[in-house]
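J.: Structure in structure tokens, see below.
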Amino acid sequence: MTNRFFAGLVLAALALPAFVLPAAAATYAVDPAKSTVAFAGTHAGEAFTGAFGAWQAEIAFDPADLAGSSLKVSFDPASASTGNAMYDGTLPQADWFNVKEFPAATFTSTRIEAGADGAYVATGTLTIRDVAKEISFPFTLTPLGQAPVVAKASFTLDRLAFNLGAKSDPKAEWVSREITITLEVTASPKG
């Protein structure tokens, strides 16, 4: 009877990690045709908008395991397009995105937390050119049980903090200092 008791304890101990370890956050595949990473600001008092045509995201998300959730986005600054030939010719240049030296920009989350009114807040490192800064932004999600899921976010960045146009427009006399970033990402759980 003692051997059975100890055998039962050993089996229970071996089975315990399966119940104690949280499940990994679900990974999502982005649908680029239904997703946008856009930006907006003003130039000489006139509003402009644009978007990045080439970017990719790695998403792992579980509202019950926010500590295990993550977001990593990489985008190609050379793919920035506004539809205005002057702007589109200027953005890749050395004073702006400097795409020859810095062909990618990235955001990597360090934490995702619950926010107000059912929203979430992503905090992480945004690297543009040779500047890395911590940023936080709120985002909302459509119900996770109904694929695809749509995430939306809108926040502002200080372009001068990332040395964008710092030589040609250091006082933001021509191009607005604050640039609004708008994200709408459509994704479905993998597997």
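The values are calculated or read from the model by the stated rules, or taken from the named source; none is laboratory data. All values derive from a computational prediction rather than experimental measurement. Here Cβ is always computed from backbone atoms with ideal geometry, including for glycine, and neighbour counts include all displayed protein chains.
J.: If you check every pair at least six apart or on different chains, which have Cβ atoms under 9 Å apart with a residue in the stretch 115-138 that is surrounded by fewer than 16 Cβ atoms within 10 Å (Cβ to Cβ) and of a type in the set (Lys, Arg) first and a residue that is at pLDDT 95 or above and outside any strand (DSSP E or B) second?
T.: From residues that are surrounded by fewer than 16 Cβ atoms within 10 Å (Cβ to Cβ) and of a type in the set (Lys, Arg), the pairs are 133/161; 133/162.
J.: Check off (1) within 16 Å of residue 181 (Cα to Cα); (2) touching a residue at least 40 places away in the same chain (Cβ under 8 Å); (3) small (Gly, Ala, Ser) for residue 53 and give me the number that stays unchecked.
T.: Result: residue 53 fails condition (2) only.
J.: Looking at the stretch 120-136, is at least one residue acidic (Asp, Glu) and modelled with pLDDT under 95?
T.: First, pick out the residues of the stretch 120-136 that are acidic (Asp, Glu): 130, 134.
Then keep just the ones that are modelled with pLDDT under 95; that gives 130.
Looking through the stretch 120-136, at least one residue is acidic (Asp, Glu) and modelled with pLDDT under 95.
J.: If you don't mind, there's one more thing I want to ask. Do we find that residue 145 is small (Gly, Ala, Ser) and in contact (Cβ under 8 Å) with a residue 40 or more places away in the chain in this structure?
T.: On the way: small (Gly, Ala, Ser): yes; in contact (Cβ under 8 Å) with a residue 40 or more places away in the chain: no.
No; evaluated as a whole, the condition is false for this residue.
Rundown of residues vs (1) closer than 30 Å to residue 83 by Cβ; (2) of a type in the set (A, V, I, L, M); (3) modelled with pLDDT of 95 or more, yes/no style:
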site	(1), (2), (3)
23	no, yes, no
35	yes, no, yes
50	yes, no, yes
59	yes, yes, yes
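J.: I'm checking my understanding of the structure. Among residues of the stretch 35-84 that are of a type in the set (A, V, I, L, M, F, W, C) and in contact with a helix residue (DSSP H, G or I) (Cβ under 8 Å, 6 or more places away or on another chain), which one is surrounded by the fewest Cβ atoms within 10 Å (Cβ to Cβ)?
T.: Taking the stretch 35-84 first, the residues of a type in the set (A, V, I, L, M, F, W, C) are 37-40, 44, 47-48, 51-52, 54-55, 57, 59-61, 64, 66-67, 71, 73, 75, 78, 80.
Filter once more, so that each one left must be in contact with a helix residue (DSSP H, G or I) (Cβ under 8 Å, 6 or more places away or on another chain): 48, 52, 54-55, 60, 80.
Details: 48: 17, 52: 19, 54: 14, 55: 22, 60: 18, 80: 22.
Checking each candidate, the answer is 54.
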